[in-house]
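To start, the structure itself, in structure tokens.
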Amino acid sequence: MSSQINSLEKLGLSKKEARLYLISLETGPATVAKLAQKSGLKRGTIYEFLGEMVEKGLLEVSISGKRKLYSGTEPKKLQKIIDRQKDILESLLPDLSLLTSTGPNKPKIKFYEGKEGILKAYYEILDLPDGSEVIGFATLGEIYKIFTRSDVDKYVKKRAAKRIKEKLIMPTDEYSESHSQDNKKEWRETLLIPRSKFFITNEINVYQNKVAIVSLGEEKVAVIIESQQIADTQRAIFNLIWNNLRKK
């Protein structure tokens, strides 16, 4: 099975997605509990990417009584999925070509899509040198609609271990107030604004010469712009707002 998992990873599946797909083919229609037992994956872990696999067409859902059963899509249908991805890529090529950097002063842009893509965008921050700083605008209420508390805690723990400090302006909600209580140990400073005055569904992070914009609503996309000029401008806007709020 390991060679099959490696092959599926080359098609863009994560190791866990590949394992679950192969197990679901062997098992046939099964509950999440049975898939967890057969695959060795935790039920909570499976639920994290189950919906996305259904959206991708890798798993099919059927109902038996009150139970949802999941089964692997017929292998022949994988070709249709790949063909669909090729069509999407071909339609994107003209726009992607426009984004390709052709000179030293042209910004570089990276695009991420879906939960896994957004997670990759966040984890780029962990590649920063120890002691770096990230500033920006965050909305934890929207983040928790996509990620579990375990996902968030894992990321925060890794960032804090590298002493990468965050300075965030956030709308007030139960999550922002709770997280702010742990600011010191999690290497973070926050300023909270009443949600009635500051409601956002996007997150903006500025670090080094990059600006990461994460759309956490229905779009679920992240864009990272690498440009010193754009980063400096966003940093100036943030600092102006931050300093004015601190005076109040």
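The values are calculated or read from the model by the stated rules, or taken from the named source; none is laboratory data. This structure is a prediction, so every number in the text was calculated from the model and none was measured. Heads up, the Cβs are rebuilt from the backbone with ideal geometry, glycines too, and the neighbour counts pull from every protein chain shown.
Apart from one condition, residue 224 fits all of (1) in contact (Cβ under 8 Å) with a residue 24 or more places away in the chain; (2) surrounded by 16 or more Cβ atoms within 10 Å (Cβ to Cβ); (3) within 13 Å of the chain's Cα centre (by Cα); (4) more than 24 Å from residue 109 (Cβ to Cβ); the exception is (4).
Residue 177 meets the conditions (1) at pLDDT below 90; (2) in contact with a helix residue (DSSP H, G or I) (Cβ under 9 Å, 6 or more places away or on another chain); (3) among the charged types (D, E, K, R) in every case but one. The failed one is (2).
For residue 111, the conditions (1) more than 14 Å from the chain's Cα centre (by Cα); (2) more than 30 Å from residue 38 (Cβ to Cβ); (3) at pLDDT 85 or above are fulfilled apart from (1).
Look at (1) closer than 18 Å to residue 110 by Cα; (2) among the acidic types (Asp, Glu); (3) exposed (fewer than 13 other Cβ atoms within 10 Å of the Cβ) and you find that residue 203 fails only one, number (3).
Take the residues in segment 47-97 that are of a type in the set (A, V, I, L, M, F, W, C) and over 25 Å from the mean Cα position of the chain (by Cα), then tell me which one is modelled with the highest pLDDT. It comes out as 69. If you go through segment 187-195 one residue at a time, do you hit one that is touching a residue at least 12 places away in the same chain (Cβ under 8 Å), basic (Lys, Arg) and surrounded by fewer than 18 Cβ atoms within 10 Å (Cβ to Cβ)? Looking through segment 187-195, at least one residue is touching a residue at least 12 places away in the same chain (Cβ under 8 Å), basic (Lys, Arg) and surrounded by fewer than 18 Cβ atoms within 10 Å (Cβ to Cβ). Quick one: is residue 209 surrounded by 13 or more Cβ atoms within 10 Å (Cβ to Cβ), touching an Asp or Glu at 6+ places or on another chain (Cβ under 8 Å) and free of Cβ contacts under 8 Å to residues at least 12 places away in the same chain? So residue 209 fails the test. The strands (runs of 3 or more DSSP E) found wholly in segment 126-196 and carrying at least 1 residues that are closer than 30 Å to residue 42 by Cβ occupy 165-171, 188-193.
One line per residue, one yes/no per condition, for (1) closer than 13 Å to residue 137 by Cβ; (2) more than 21 Å from the chain's Cα centre (by Cα); (3) surrounded by 13 or more Cβ atoms within 10 Å (Cβ to Cβ):
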| site | (1), (2), (3) |
| --- | --- |
| 156 | no, no, yes |
| 164 | no, no, yes |
| 176 | yes, no, yes |
| 244 | no, yes, no |
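Taking segment 197-217 as the range and being under 13 Å from the mean Cα position of the chain (by Cα) and either in a loop (DSSP other than H, G, I, E, B) or not hydrophobic (A, V, I, L, M, F, W, C) (or both) as the test, the residues that pass are 202, 203, 215, 216, 217. Which of the residues spanning segment 111-125 are in a strand (DSSP E or B) and crowded, with 16+ Cβ neighbours inside 10 Å? 112, the sole residue that qualifies.
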